[in-house]
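The values are calculated or read from the model by the stated rules, or taken from the named source; none is laboratory data. Here the structure is a predicted model, which means the values were calculated and not measured. As a convention, Cβ positions derive from the backbone with ideal geometry for all residues, glycine included, and neighbour counts pool all protein chains shown. What goes into the accessible areas is simple: the full protein's heavy atoms, side chains included, and nothing from ligands, DNA or RNA. Shrake-Rupley method; radii C 1.70, N 1.55, O 1.52, S 1.80 Å.
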Amino acid sequence: MDTFCYHTPTHGLKDSRMVMNNKSGEIYTFNSFTLQLESLNVSEESRYAVFLFIILSYLFIIVANVGVAVLVFVDRSLHQPMYLLFCNLSANDVLGNSVVLPRLLLDILRPPSERLIGYYECVLQAFIIHMFNTTSHTVLMIMAFDRYVAIGNPLRYSAIMSNKMLLKLTAGAWGAAFVLVGILLGLTVRLSRCRTFMQSLYCNNAALFLLSCENIFVNNVYGLTFTVVLFTASIGSMVVTYTKITVVCLTSKNKTLNSKALKTCSTHLLVYLIMFFSGIIIIILHRYPQYSEEKKIAAVLYHIIPGALNPIIYGMQSKEIRKYFSRMFYSNKVLMSS
């Protein structure tokens, strides 16, 4: 490749240089510490409507998830493994959305030339986003185990799902995600960079390693293996768990047990299916570059929809949570009338 190399005014960039390919005319910027992000392609007329929708969604996600988590810790009747494990999902939704949505809101209002992000900030954002994606699966997997123990072995449920077991399951869900994502981003950070434009609304591993002109075969192989293993483990655990739960329900003549199983399992399964199909849509759209704008919208909704629906689904389906809000509403009504 015939190239022409020259140093550029840095504008706050460290250790960067530009190289022009004489054959293609493409300019490469090596190891720049400032990257540029894409943004939603919205018209001037709809920009503020989109901004309002996203900020209201974000505020609802924060209030709803933090509210349910605080309620679980305050009300001793909710100190049950199912609700304590759900707090992991709430914390994950708050963390994932807080990294993506505020930044996206700012970028909607900025011109393209100002949608900049530092390299290390981008790597940190990508790490948290992939932690969010991975932990969504691992937390729902341990919640499925909890449901199976509750229905398949109710007499020993308290002994099995002890505080020690809850800590082990929680540490396992977050620890496994941390290790897998750490390797994923570690393989990308080792690469040099020859581009600065991120083909993504927010930082992620694929967009980061595509900034490199080096061989990214290892990154592609690990990324694909990582995705396949995660989805296989996630789907496999759900299939095995719910198959066993179905067998227990079919062989049991206890109508109370079956009713409880249907209620709690349908809630968990609905949350899982929303998260699963939200992610699958992005993977499918990734294969069709002509639907790049649709993929951007799906990427935003992947964060908004599960994060907003999870506390609603668990809150409305939970008898204990409904009772808590009923007591609050009744006491407030009494105070206002007195």
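Observations on the structure shown:
- Screening residue 201 against (1) surrounded by fewer than 19 Cβ atoms within 10 Å (Cβ to Cβ); (2) in contact with a strand residue (DSSP E or B) (Cβ under 8 Å, 6 or more places away or on another chain) leaves a single unmet condition, (1).
- For the criterion of being in contact with a strand residue (DSSP E or B) (Cβ under 9 Å, 6 or more places away or on another chain) and hydrophobic (A, V, I, L, M, F, W, C), residue 249 fails.
- Condition met for residue 195 (in contact (Cβ under 8 Å) with a residue 40 or more places away in the chain and among the basic types (Lys, Arg)): yes
- Residue match in region 167-174 (condition: surrounded by fewer than 16 Cβ atoms within 10 Å (Cβ to Cβ) and either of a type outside the set (A, V, I, L, M) or more than 25 Å from residue 267 (Cα to Cα) (or both)): yes
Yes/no matrix, rows are residues, columns are (1) assigned to a helix (DSSP H, G or I); (2) under 25 Å from residue 139 (Cβ atoms); (3) touching a residue at least 12 places away in the same chain (Cβ under 8 Å); (4) hydrophobic (A, V, I, L, M, F, W, C):
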{"position": "268", "(1), (2), (3), (4)": "yes, yes, yes, no"}
{"position": "273", "(1), (2), (3), (4)": "yes, yes, no, yes"}
{"position": "276", "(1), (2), (3), (4)": "yes, yes, yes, yes"}
{"position": "280", "(1), (2), (3), (4)": "yes, yes, no, yes"}
{"position": "284", "(1), (2), (3), (4)": "yes, yes, no, yes"}
{"position": "294", "(1), (2), (3), (4)": "yes, no, no, no"}
{"position": "298", "(1), (2), (3), (4)": "yes, yes, yes, yes"}
{"position": "301", "(1), (2), (3), (4)": "yes, yes, yes, yes"}
{"position": "304", "(1), (2), (3), (4)": "yes, yes, yes, yes"}
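- Any hit, region 51-64, residues being within 26 Å of residue 161 (Cβ to Cβ) and either in contact with a His (Cβ under 7 Å, 6 or more places away or on another chain) or at pLDDT 90 or above (or both): yes
- Within region 256-298, the residues that satisfy the criterion of being closer than 21 Å to residue 243 by Cβ and more than 20 Å from the chain's Cα centre (by Cα) are 257, 258, 259, 260, 261, 262, 263, 264, 265, 266.
- For residue 119, the criteria (1) closer than 11 Å to residue 203 by Cα; (2) out of contact with any strand residue (DSSP E or B) (no Cβ under 7 Å at 6 or more places or on another chain); (3) surrounded by fewer than 22 Cβ atoms within 10 Å (Cβ to Cβ) hold in every case but one, which is (2).
- Residue within region 177-197 that is open to solvent by less than 10 Å² (accessible area, probe 1.4 Å), in a helix (DSSP H, G or I), farther than 28 Å from residue 308 by Cβ and not charged (D, E, K, R) present: yes
- Residues satisfying the stated conditions in region 214-224, i.e. open to solvent by less than 70 Å² (accessible area, probe 1.4 Å) and of a type outside the set (Phe, Trp, Tyr): 216, 219, 221, 223
- Selection over region 139-165 of residues that are of a type in the set (Ser, Thr, Tyr) and either under 13 Å from residue 264 (Cα atoms) or not in a helix (DSSP H, G or I) (or both) gives a count of 2.
- Only one entry in 106, 95 is over 16 Å from the mean Cα position of the chain (by Cα), within 30 Å of residue 42 (Cβ to Cβ) and surrounded by fewer than 21 Cβ atoms within 10 Å (Cβ to Cβ), namely 106.
- The one condition in (1) out of contact with any strand residue (DSSP E or B) (no Cβ under 9 Å at 6 or more places or on another chain); (2) closer than 30 Å to residue 37 by Cβ that residue 112 fails to fulfil: (1)
- If you go through region 147-171 and keep only what is within 24 Å of the chain's Cα centre (by Cα) and without any contact (Cβ under 8 Å) to a residue 40 or more places away in the chain, you end up with 167, 168, 171.
- Tally of residues being open to solvent by 50 Å² or more (accessible area, probe 1.4 Å) and farther than 30 Å from residue 199 by Cα across region 28-83: 9
- Close Cβ contacts (under 6 Å, 6 or more residues apart or on different chains) running from residues in region 74-101 that are in a helix (DSSP H, G or I) to residues that are open to solvent by 50 Å² or more (accessible area, probe 1.4 Å) comprise 77/320; 78/320.
- Selection count, region 102-123, where residues are in a helix (DSSP H, G or I), of a type in the set (A, V, I, L, M, F, W, C) and touching a residue at least 12 places away in the same chain (Cβ under 8 Å): 6
- Residue selected from region 89-134 under the condition acidic (Asp, Glu) and modelled with pLDDT under 95, by the criterion farthest from residue 62 (Cα to Cα): 114
- Listed by first and then second residue, the pairs linking a residue in region 40-63 that is in contact (Cβ under 8 Å) with a residue 40 or more places away in the chain and under 20 Å from residue 294 (Cα atoms) to a residue that is open to solvent by 50 Å² or more (accessible area, probe 1.4 Å) and among the β-branched types (Val, Ile, Thr), with Cβ atoms under 8 Å apart and 6 or more places separating them unless they lie on different chains, are 40/297.
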